[in-house]
1. Could you rank His203, His181, His297 by how accessible they are, 1.4 Å probe, largest area first?
2. If the limit is 25 Å between Cα atoms, which of Lys273/Lys401; Lys170/Lys401; Lys141/Lys184 go over it?
3. Could you sort Ile296, Ile171 by accessible area so the largest value comes first, with the probe set to 1.4 Å?
4. Would you check the accessible area of Met365, probe 1.4 Å, heavy atoms only, in square angstrom rounded to 10?
5. Add +1 for every Lys or Arg and -1 for every Asp or Glu among the other residues with Cβ under 14 Å from the Cβ of Gly347, and state the total.
6. If DNA, RNA and ligands are ignored and the probe is 1.4 Å, what is the ranking of Glu176, Glu319, Glu39, Glu59 by accessible area, most exposed first?
7. Past 18 Å, Cα to Cα, is the threshold; run Lys58/Lys200; Lys283/Lys337; Lys47/Lys200 against it and keep the listed order.
Amino acid sequence: ILRLCVAILVCFYMFAGRIKHLAMPIIFLSSLLGAMLLESIFSTTLKSFLYGTSCVIKEALIFSLPIVIFSLVYSAVARLGLNALKFVLIIIPLVCCSNFLNTNLSYLSSLLFVNMGLITIGEHQNSVSELLPMFTCSLPKIISNDIALLLGFTVGFASVLLKKEKLSNKISAVLEAITGHFFKWLVPIMPLFIIGTAIKLQHDGILRVILTKYLAVFGFFVISAYGVLCLQYILLAGLNLKKFVNSIKNVLPAVITGFGSMSSAAALPLSIKAAENNVLYDKDSARMIVPATVNIHLVGDCFFIPMVALTMMFSFGLEMPSIYNYSIFALYFVLAKFAVAAIPGGGILVMLPILQTYLGFNDAMLGLITAIYILFDPVITACNILGNGAMAMIFDRIVNKVRRNY
């Protein structure tokens with residue numbers, strides 16, 4: 001059986017490069033499954049080495065996040081402000097309200113799911129032995145993520161208000177080059193991070209819970225998140241079934257591309273085309289809103305991450321957050337969306353410090369939610385793209401109403 005599994009994984013890697021739209025999911029999924037299937041035949045020394053490598057990668061990611069956050073936020077704000085300053089006051093509050101509302105809907109859905117009794121309290125606490133990393137590293141934290149986020153907003157808006165277009169373009173180009181190189185090197189090493197994390201979870205007896213308990217969470221996510229989006233499309237179609245089907249048909253190519261590439265950015269051209277076909281009044285607004293919100297309006301993340309996080313807190317025996325505490329978490333969660341990169345796994349990487357600070361996640365929980373997110377990232381990305389299509393239609397109607405009134 002092990003030889004057959006290894007042969008299948010080798011075939012996955014061989015054909016991943018030939019199937020461009022499915023390459024990333026195949027590589028990530030085969031890394032996760034390979035670690036699960038082969039963990040039992042690995043020596044403790046090898047497992048400790050792989051887990052140590054994963055810890056070092058995670059430490060490097062967390063160390064680099066403030067720079068990445070500042071770069072992404074500054075570039076997004078500067079680009080949006082320079083090209084469409086009059087729409088900034090509409091786009092940003094609209095995106096924030098949508099993300100905040102969806103994050104709170106996820107909270108209500110999580111409470112309902114937990115009350116259904118599908119997750120048991122403390123089921124993760126009975127690990128027989130804990131795998132320790134062979135080596136670790138501790139990098140200094142020069143600046144916190146929230147400060148980097150605020151600096152990105154402040155400097156970005158300052159460059160817009162001062163009308164330093166050439167200077168801001170040069171700064172944006174440099175910052176985008178830095179983040180581009182960062183993610184260029186990040187994607188190839190992500191399988192190592194996944195393998196080390198999966199081996200740790202499998203060794204500690206936690207990974208099996210993903211396949212037993214968290215599949216139910218995933219099903220609940222699909223029902224709730226996609227249900228809310230379908231309701232939005234139906235209402236935007238004026239309860240007209242034909243228009244609703246046509247809108248979904250227009251955005252479906254982008255959704256499929258996002259599912260295969262695990263990246264909203266990869267599906268951006270198709271998303272713009274779908275938005276142009278679905279808007280009623282101004283195609284130029286569609287060409288602006290989709291690129292501007294591809295990194296910051298993430299319906300799938302707003303549902304999936306809090307839902308899994310709250311369910312995980314319950315399963316680890318932690319106290320569920322009150323409405324007040326969750327509202328604080330939701331606020332930082334929404335703000336951090338401005339620093340998410342539309343790449344495989346990008347949605348969860350920026351959220352790890354927030355989960356640790358405001359929900360009390362430990363290293364095991366951070367590793368588990370990362371593995372779960374990457375496993376289901378194709379469906380989450382498809383949900384994000386579907387939500388961006390709805391946002392373009394909503395934005396088009398709001399802008400048209402504003403123009404008519406003024």
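The values are calculated or read from the model by the stated rules, or taken from the named source; none is laboratory data. Note that the structure is predicted; figures quoted are calculated from it, not measured. Because the Cβ atoms are built from the backbone with ideal geometry, glycine has one as well, and the counts that use them run over all protein chains shown. Note: accessible area is taken over every heavy atom of the protein model, side chains too, but ligands, DNA and RNA are not part of it. Shrake-Rupley method; radii C 1.70, N 1.55, O 1.52, S 1.80 Å.
1. Descending order: His181, His203, His297.
2. Lys170/Lys401
3. Ile171, Ile296
4. 0
5. Local charge sum for Gly347: -1.
6. The residues order as Glu319, Glu176, Glu59, Glu39, largest area first.
7. From Lys58/Lys200; Lys283/Lys337; Lys47/Lys200, over 18 Å: Lys283/Lys337.
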